[in-house]
1. Are any of the residues in region 178-201 closer than 20 Å to Leu32 by Cβ, within 16 Å of the ligand (Cβ to nearest atom) and either touching a His at 6+ places or on another chain (Cβ under 6 Å) or among the polar types (S, T, N, Q) (or both)?
2. Listed residues His84, His38; which is part of a helix (DSSP H, G or I) and touching a residue at least 24 places away in the same chain (Cβ under 8 Å)?
3. Please give the number of the condition Leu258 fails out of (1) surrounded by fewer than 17 Cβ atoms within 10 Å (Cβ to Cβ); (2) free of Cβ contacts under 8 Å to residues at least 40 places away in the same chain; (3) closer than 15 Å to Trp134 by Cβ.
4. Does Met219 satisfy the criteria of being in contact with a Cys (Cβ under 6 Å, 6 or more places away or on another chain) and within 14 Å of the ligand (Cβ to nearest atom)?
5. Given the conditions (1) over 20 Å from Thr294 (Cα atoms); (2) surrounded by fewer than 18 Cβ atoms within 10 Å (Cβ to Cβ); (3) touching a residue at least 24 places away in the same chain (Cβ under 8 Å), and given that Thr214 satisfies all but one, which numbered condition is not satisfied?
6. Which numbered condition in (1) part of a helix (DSSP H, G or I); (2) under 18 Å from Ile154 (Cβ atoms) is the only one that Leu281 fails?
7. In region 206-251, what residues are touching a strand residue (DSSP E or B) at 6+ places or on another chain (Cβ under 8 Å) and β-branched (Val, Ile, Thr)?
8. Regarding region 202-214, can at least one residue be identified that is touching a Gly at 6+ places or on another chain (Cβ under 7 Å) and at pLDDT below 95?
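The values are calculated or read from the model by the stated rules, or taken from the named source; none is laboratory data. From a predicted model like this one, the values you see are computed outputs, not experimental measurements. Here the Cβ positions follow ideal geometry from the backbone for every residue, glycine too, while neighbour counts run over all protein chains shown.
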Amino acid sequence: MPDEHRSGRRSAAPALVPAVLLSGCSGIQSTLEPAGPHAELIATLWWVMFVVGALIFALVMVLLLAASLRSLRSARARPLSARHSRRLVIAGGIVLPLVVVVPFAVSSFSISRAVTPALPDDALTIEVVGRLWWWEVHYLDAEGERTLTTANEIHIPVGQPVRVLLKSDNVIHSFWVPRLQGKVDMIPGEVNTLQLHADRPGVYRGQCAEYCGTQHALMAFEVVAEPPQQFRAWFARQRMPAAAPATTDARRGLEVFLNASCVDCHAIRGTEAEATKGPDLTHLASRLTLAAGTVPNRRGHLAGWIADPQRIKPGALMPPTELPAADLRALLAYLESLK
Ligand code: CUA
């Protein structure tokens, strides 16, 4: 991660305890390392809740200790008077919870409004469809028409709010990029909206946050936030159809692709492959990962994924593809040319 170590604006000391407690949630996918204004608000609320919770815990422990010592010191300690007990119950059981819970309720409500402000009409709009177990990504124009289809990797310009329309055509998924925004469910038949806003460039990992079947845990994606100019260049490149294969190997690879079962599920714009059951592969070689964030996009992983996807992601809907070694090499040469 290019910016993994740049986020510590606060001192490290108060982060130590929760960092230990939450070590499983930290690193590349942590709410506590916000990279955008919405995530900052959520992280701030988290810290306030953590500190208040810790203070209340400490207070309860002190009272418990004091009560224990008191009863140890004198077995004949007089019980509290009825008036004292009543006061204690009112202060500790009604006033204190109200003083704590009401401000939390108000701030949590106002922050959930603040992370979904109105967007300008011309804001970049991306439609994301939760599939089993990957993410179909469509960039939309001002009329809502799809202008670019890709998968498992979402590029956004830094410093601009982006509208993300969330859909599912199967079960409920949940779209979550902890360093940029809270999570929002993708519900069949509904369109939910979320805003992504990164204020510094980076690669931010996202993860499905609603149990959706066998490979829920390996349903991840990357959000690549880049300077607007770089984003526009990426977008222009991605809109181009796939480059015609330039080498003998790659030409043979395209033939292998079109004659094997690949063509039944995948599309490569500019070729006869137009199926939409699986991810669009037009610019597969430009992506960072394979199989929805499961493995890095390298030749060995790609070969393993084609030959036996079940070894890498058991339960994945992609069947194994048995190919003679020379055909597999040619297919890899072709797929790696899809920059
Ligand atoms: Cu999709 Cu969990």
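1. no
2. Being part of a helix (DSSP H, G or I) and touching a residue at least 24 places away in the same chain (Cβ under 8 Å) holds for just one of His84, His38, which is His38.
3. Looking at each condition in turn, Leu258 falls short on (3).
4. Working: in contact with a Cys (Cβ under 6 Å, 6 or more places away or on another chain): yes; within 14 Å of the ligand (Cβ to nearest atom): yes.
Here the answer is yes, as Met219 does meet what is asked.
5. Answer for Thr214: the failing condition is (1).
6. Among (1) part of a helix (DSSP H, G or I); (2) under 18 Å from Ile154 (Cβ atoms), the lone unmet condition for Leu281 is (1).
7. Val223, Val224
8. Scanning region 202-214 turns up at least one residue that is touching a Gly at 6+ places or on another chain (Cβ under 7 Å) and at pLDDT below 95.
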